[in-house]
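The values are calculated or read from the model by the stated rules, or taken from the named source; none is laboratory data. Computed from a predicted structure; not experimentally measured. FYI the Cβ positions are ideal-geometry reconstructions off the backbone, even for glycines, and counts take in every protein chain you see. Heads up: the accessible areas ignore ligands, DNA and RNA and are worked out on the full protein's heavy atoms, side chains in. Shrake-Rupley method; radii C 1.70, N 1.55, O 1.52, S 1.80 Å.
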Amino acid sequence: MKKTLLVVGYGNMAQAILTRNHFITSHFNVLITGRDLQKAKDCIAKCEIEAQIYTPQYRAIADSKSMDSKPTNSKAVLDIQDSIVLLCTKPKGLQSFIFEGKAQCVYSVLAGVGIDTLEKQLQSCHIVRLMPNIAAFSKNSATAFYHKSYTQHTDSKADTDILAFLESFGKAVSVDNEALIESSIATSGSSIAFLALIAESLIDAGILEGLTHAQSQELVKQTFLGFATELATKSPNELKYAISSPGGTTIRGLAILEELGVRGAFIKAAHTAAEHARDSKK
Ligand SMILES: NC(=O)c1ccc[n+]([C@@H]2O[C@H](COP(=O)([O-])OP(=O)(O)OC[C@H]3O[C@@H](n4cnc5c(N)ncnc54)[C@H](OP(=O)(O)O)[C@@H]3O)[C@@H](O)[C@H]2O)c1
């Protein structure tokens with residue numbers, strides 16, 4: 001019998017993970033929820049998957065700042081008993097829900113929200129934190145993940161299920177310290193945007209040299225594809241020196257990039273992004 005997968009949130013990351021994800025649809029009855037059910041419906045249509053809307057009950061809650069503690073607000077109540085849960089809201093979105101029951105497994109993509117915080121909000125046999133990237137759309141995400149029992153090898157059935165779920169949208173790399181989830185913002189979580197900046201720069205460079213935008217874009221796209229394939233079997237260092245002949249063309253370009261501090265700029269940008277994610281739990 002299929003298990004229930006309750007997806008909370010329907011933004012870019014939820015869509016990237018769910019889009020044409022045949023592993024997920026063949027293993028789970030998918031339910032999607034959030035604070036705007038029309039957006040959840042739109043998400044199902046965009047992702048081209050079989051899924052249903054989960055309509056939560058609402059419960060009035062007392063405003064802690066109100067002196068007389070009268071109910072002034074309400075929260076969506078989600079029944080997660082025996083379900084698999086995929087949390088895909090912005091970090092602050094966690095507070096919008098009341099989770100009832102005990103889930104079998106909770107996967108959280110929320111940057112900066114630690115397992116200690118998640119455990120205060122919900123109960124689950126397993127909690128997995130993951131940092132995917134937007135290439136999950138094409139099932140090519142580089143996903144760092146942390147799960148206590150995975151690193152201790154105490155539950156091999158759970159380990160197998162978790163890896164199968166995470167690898168349904170790309171390659172998953174286990175980290176043995178939860179703090180390294182935010183560190184992976186530097187290598188993979190945010191780095192697609194950094195690489196997009198390089199791609200844009202090279203397209204502009206091609207135009208400056210006289211190529212049309214279409215020609216330049218096509219050449220750069222294919223270069224990225226070729227680069228990714230070569231990188232699968234060679235180190236960046238090997239690739240760099242394979243095309244840098246002594247006193248030649250490519251080494252002159254590399255010298256300019258080093259003079260302008262491009263390497264340091266990338267490291268600093270990636271560090272700043274990771275630091276911001278660490279702070280978002282505060
Ligand atoms: N994008 C990436 O490359 C990436 C990579 C790794 C991890 N992440 C993580 O993925 C999560 C979602 O990011 P995203 O890129 O998918 O963002 P997004 O496209 O802006 O979607 C945000 C989602 O969070 C919901 N949300 C926001 N504030 C909420 C609140 N107060 N209460 C309830 N729901 C709320 C939104 O619902 P409404 O539309 O109704 O507000 C929407 O479903 C974040 O926690 C982020 O850290 C993203």
I need a count of the residues in the range 120-136 that are over 15 Å from the mean Cα position of the chain (by Cα) and within 13 Å of the ligand (Cβ to nearest atom). 1
Whether any residue in the range 197-208 is among the hydrophobic types (A, V, I, L, M, F, W, C), within 16 Å of the ligand (Cβ to nearest atom) and within 22 Å of Phe266 (Cβ to Cβ) is what I want to check. yes
Pairs, first farther than 13 Å from Ser141 by Cα in the range 184-206, second open to solvent by less than 50 Å² (accessible area, probe 1.4 Å) and within 12 Å of the ligand (Cβ to nearest atom), C-beta under 9 Å, six or more apart: Ala186/Ala273; Ala186/Ala274; Ala193/Ala273; Phe194/Ala273
Among the residues of the range 136-143, are any assigned to a helix (DSSP H, G or I), closer than 25 Å to Thr272 by Cβ and touching a residue at least 24 places away in the same chain (Cβ under 8 Å)? yes
What are the pairs, 6+ residues apart or on separate chains, where a residue within the range 83-103 that is part of a strand (DSSP E or B) has its Cβ under 6 Å from a residue that is within 7 Å of the ligand (Cβ to nearest atom)? Leu87/Leu110
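In this structure, does Ile256 turn out to be open to solvent by 50 Å² or more (accessible area, probe 1.4 Å), of a type in the set (A, V, I, L, M) and touching a helix residue (DSSP H, G or I) at 6+ places or on another chain (Cβ under 8 Å)?
no
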Being surrounded by 16 or more Cβ atoms within 10 Å (Cβ to Cβ) and either of a type outside the set (A, V, I, L, M, F, W, C) or in the same structural domain as Arg263 (by TED's automatic domain parsing) (or both) narrows it down to one of Thr143, Thr160, so name that one. Thr143
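Can you tell me which residue within the range 79-96, out of those that are within 13 Å of the ligand (Cβ to nearest atom) and open to solvent by 10 Å² or more (accessible area, probe 1.4 Å), is nearest to Glu167 (Cα to Cα)? Break it down into steps so the answer makes sense when it comes.
As a first pass, look at the range 79-96 and keep what is within 13 Å of the ligand (Cβ to nearest atom): 86-96.
The next check asks that each one be open to solvent by 10 Å² or more (accessible area, probe 1.4 Å); those that pass are 88-93, 95-96.
Working: Cys88: 17, Thr89: 21, Lys90: 23, Pro91: 23, Lys92: 27, Gly93: 25, Gln95: 28, Ser96: 29 Å.
Among those residues, the one meeting the criterion is Cys88.
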Please find, within the range 1-12, the residue that is nearest to Ile192 (Cα to Cα) out of those that are touching a residue at least 24 places away in the same chain (Cβ under 8 Å) and surrounded by fewer than 22 Cβ atoms within 10 Å (Cβ to Cβ). Asn12
Filtering the range 202-223 down to residues that are closer than 23 Å to Leu239 by Cα and either open to solvent by less than 90 Å² (accessible area, probe 1.4 Å) or of a type in the set (Lys, Arg) (or both) yields Leu202, Ile203, Ala205, Gly206, Ser216, Gln217, Val220, Lys221, Thr223
From the list Tyr54, Tyr58, which one is of a type in the set (Phe, Trp, Tyr) and farther than 30 Å from Lys157 by Cα? Tyr58
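Among what's in the range 259-282 and is in a loop (DSSP other than H, G, I, E, B) and open to solvent by less than 50 Å² (accessible area, probe 1.4 Å), pick the residue that is farthest from the ligand (Cβ to nearest atom).
Looking at the filtered set, the residue picked out is Gly261.
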Candidate set from the range 106-119 (those that are closer than 20 Å to Val77 by Cβ and either outside the structural domain of Tyr54 (by TED's automatic domain parsing) or part of a strand (DSSP E or B) (or both)); member that is nearest to the ligand (Cβ to nearest atom): Ser108
For the range 13-42, name all the residues that are open to solvent by less than 40 Å² (accessible area, probe 1.4 Å), touching a residue at least 60 places away in the same chain (Cβ under 8 Å) and more than 7 Å from the ligand (Cβ to nearest atom). Gln15, Ala16, Ile17, Thr19, Asn21, Ile24
For the range 237-250, does any single residue satisfy the condition of being open to solvent by 70 Å² or more (accessible area, probe 1.4 Å), out of contact with any Leu (no Cβ under 7 Å at 6 or more places or on another chain) and part of a loop (DSSP other than H, G, I, E, B)? yes
